[in-house]
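Undergrad: Questions regarding the structure given below will be posed in turn.
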Amino acid sequence: MKESVKKLQPYVPEKPLATLQAELGVNRLVRLSANENPYGTSPAVEAAVKNWDFSGSNRYPDGDATELRLAVASQQHVDPEQLVFSVGLDEMIVMVSRTFLAPGDQVLVAAPTFSEYGLHAEIEEATLVSVPTLADGHVDFPAMAQALTPDVKMVWLCNPNNPTGTSETLADLEAFIQQVPAETMVLIDEAYIDFATDAAKLTAMQLPSRYDNVVVMRTFSKAYGLANFRVGYAVFSKTYAPTMQAVRLPYNVNSLTQAAALAAVNDQNFVQTTVAKNAVERTKWEAFFDAQQIQYDRSDANFIFFKYPQADQLADYLLHHGYSLRTGLQSDWIRLTIGTAADNQAIQQLILSYQNDA
Ligand SMILES: *Cc1c(COP(=O)(O)O)cnc(C)c1O
């Protein structure tokens, strides 16, 4: 066994809702800990899945995901050959770590951020170098630039960042990228960018065609409501896309998933509705936190990261009242996925009762 995997702290996946619900003995449990889409999935996806031709089950899927590739390329204004699909972005994180890291390399992140970047760096026997974000949750670009040593082979930038929800401007990202050596990969994880107020202006989607070392990653798990189907993609420069296609397992994304993702791309109405509702609810949460003088990071995503003394106790109270939130990312901070209007209101009432009882 590789030395690096012996002491690994695994990513702890969410328990099945029904299991957790039974354990807690609550009638209704709403998961607001995994940033899933609270509005479900597009009816167009449901129709595509139900109409899927089962007779193709004994055949391997289209390894190129041709239809999906063409639809995404046209949606994102990139060359179809720049796209690499994966089994969720999770698999993309594995693939790029495997491709670009060797033992002893360094991986640079702005902390706190998504834990899987560090997990896969560790598996590849690379060292994670964390530069703390600024007090308002934003990336400390000067400090990141200072940390760029010749050993740094990958830099992760999650935009908007998980768990802080904060977003960086494209101008700031590009100014930083210009300081990164051409041999160092810059991976921009845009899992949540659809939720940003000005997503079209924020996205780095066009950078891989101008900077060989830049990669932009998207998932269907969040705004598109397809977390269960496990599909995402990354946009590479034409220099690296063929390498990634060679590393990728040939049939990683199955046909049913390809059909679901294609239908999801073609129903932008569902995505826009999700994003609009989320923005309304996000504003309400900010007003609530402001009124209660609870500190939070200004989010451009579908979750809010807020500070609460003894956060675990509040989270436990909410869990026993039917709402699961994410703790353990930073001491005394909780990440709340923004839910439906009714659930948000109910949680706010619960927080008020909790405060009154305390
Ligand atoms: C949810 C998430 C992903 C992975 O999502 P998949 O479901 O594997 O596509 C990637 N990056 C960040 C920051 C996430 O929060």
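The values are calculated or read from the model by the stated rules, or taken from the named source; none is laboratory data. For clarity, every value in this text was computed on a predicted model and none was experimentally measured. No Cβ is skipped: glycine too gets one built from the backbone with ideal geometry, and neighbour counts run over all protein chains shown.
Undergrad: Hey, could you check the stretch 231-285 for residues that are within 19 Å of ALA341 (Cα to Cα) and polar (S, T, N, Q) and say which is surrounded by the fewest Cβ atoms within 10 Å (Cβ to Cβ)? Spell out how you get there, then give the answer.
TA: The initial filter retains those residues of the stretch 231-285 that are within 19 Å of ALA341 (Cα to Cα), namely 270-285.
Next, only the ones that are polar (S, T, N, Q) stay: 272-274, 278, 283.
Values: GLN272: 12, THR273: 13, THR274: 23, ASN278: 25, THR283: 10.
Within the stretch 231-285, the match that is surrounded by the fewest Cβ atoms within 10 Å (Cβ to Cβ) is THR283.
Undergrad: Oh, and also: Given the conditions (1) part of a helix (DSSP H, G or I); (2) small (Gly, Ala, Ser); (3) crowded, with 20+ Cβ neighbours inside 10 Å; (4) out of contact with any Leu (no Cβ under 9 Å at 6 or more places or on another chain), and given that GLY165 satisfies all but one, which numbered condition is not satisfied?
TA: So the condition that GLY165 fails would be (1).
Undergrad: Within the stretch 157-183, track down each residue that is of a type in the set (A, V, I, L, M, F, W, C) and either over 28 Å from ARG335 (Cα atoms) or modelled with pLDDT under 95 (or both).
TA: If we filter the stretch 157-183 for residues that are of a type in the set (A, V, I, L, M, F, W, C), which is where we start, we get 157-158, 170-171, 173, 175-177, 180, 182.
Answer for the stretch 157-183, where residues must be of a type in the set (A, V, I, L, M, F, W, C) and either over 28 Å from ARG335 (Cα atoms) or modelled with pLDDT under 95 (or both): ALA175, ILE177, VAL180, ALA182.
Undergrad: So TYR192 ticks every box in (1) touching a Pro at 6+ places or on another chain (Cβ under 6 Å); (2) closer than 28 Å to PHE306 by Cβ; (3) more than 16 Å from the ligand (Cβ to nearest atom) but one. Which box is left unticked?
TA: Going through the list (1) touching a Pro at 6+ places or on another chain (Cβ under 6 Å); (2) closer than 28 Å to PHE306 by Cβ; (3) more than 16 Å from the ligand (Cβ to nearest atom), TYR192 breaks only (3).
Undergrad: Would you call VAL94 away from the ligand (no atom under 12 Å from the Cβ) and part of a helix (DSSP H, G or I)?
TA: Details: away from the ligand (no atom under 12 Å from the Cβ): no; part of a helix (DSSP H, G or I): yes.
No: the conditions fail for VAL94.
Undergrad: Same structure, new question: Scan the stretch 18-56 residue by residue and report those that are in contact (Cβ under 8 Å) with a residue 12 or more places away in the chain, small (Gly, Ala, Ser) and part of a loop (DSSP other than H, G, I, E, B).
TA: SER33, ALA34, GLY40, SER42
Undergrad: I'm checking my understanding of the structure. Among residues of the stretch 97-124 that are assigned to a loop (DSSP other than H, G, I, E, B) and near the ligand (Cβ under 9 Å from one of its atoms), which one is surrounded by the fewest Cβ atoms within 10 Å (Cβ to Cβ)? Spell out the reasoning first.
TA: Here is the first cut: in the stretch 97-124, the residues assigned to a loop (DSSP other than H, G, I, E, B) are 101-105, 112-114, 124.
From the residues that got through so far, the ones that are near the ligand (Cβ under 9 Å from one of its atoms) too are 113-114.
On the way: THR113: 22, PHE114: 19.
Filtering the stretch 97-124 for residues that are assigned to a loop (DSSP other than H, G, I, E, B) and near the ligand (Cβ under 9 Å from one of its atoms), the one surrounded by the fewest Cβ atoms within 10 Å (Cβ to Cβ) comes out as PHE114.
Undergrad: Examine the stretch 130-138 for a residue that is within 16 Å of the ligand (Cβ to nearest atom), in a strand (DSSP E or B), at pLDDT 95 or above and not acidic (Asp, Glu), and state whether such a residue exists.
TA: Checking the stretch 130-138: at least one residue is within 16 Å of the ligand (Cβ to nearest atom), in a strand (DSSP E or B), at pLDDT 95 or above and not acidic (Asp, Glu).
Undergrad: Confirm whether PRO38 is modelled with pLDDT under 95, within 16 Å of the ligand (Cβ to nearest atom) and either over 24 Å from the mean Cα position of the chain (by Cα) or of a type outside the set (S, T, N, Q) (or both).
TA: Details: modelled with pLDDT under 95: no; within 16 Å of the ligand (Cβ to nearest atom): yes; either over 24 Å from the mean Cα position of the chain (by Cα) or of a type outside the set (S, T, N, Q) (or both): yes.
For PRO38, the condition - modelled with pLDDT under 95, within 16 Å of the ligand (Cβ to nearest atom) and either over 24 Å from the mean Cα position of the chain (by Cα) or of a type outside the set (S, T, N, Q) (or both) - is not met.
Undergrad: Moving to a separate point now. In this structure, is PRO43 within 16 Å of the ligand (Cβ to nearest atom) and either outside the structural domain of ARG248 (by TED's automatic domain parsing) or not hydroxyl-bearing (Ser, Thr, Tyr) (or both)? Spell out the reasoning first.
TA: On the way: within 16 Å of the ligand (Cβ to nearest atom): no; either outside the structural domain of ARG248 (by TED's automatic domain parsing) or not hydroxyl-bearing (Ser, Thr, Tyr) (or both): yes.
Spelling it out, it is not the case that PRO43 is within 16 Å of the ligand (Cβ to nearest atom) and either outside the structural domain of ARG248 (by TED's automatic domain parsing) or not hydroxyl-bearing (Ser, Thr, Tyr) (or both).
Undergrad: So which residues in the stretch 301-358 are among the aromatic types (Phe, Trp, Tyr) and touching a Phe, Trp or Tyr at 6+ places or on another chain (Cβ under 9 Å), if there are any at all?
TA: Pass one, the stretch 301-358, residues among the aromatic types (Phe, Trp, Tyr): 303, 305-306, 308, 317, 323, 333, 354.
Scanning the stretch 301-358 gives PHE303, PHE305, PHE306, TYR308, TYR317, TRP333, TYR354.
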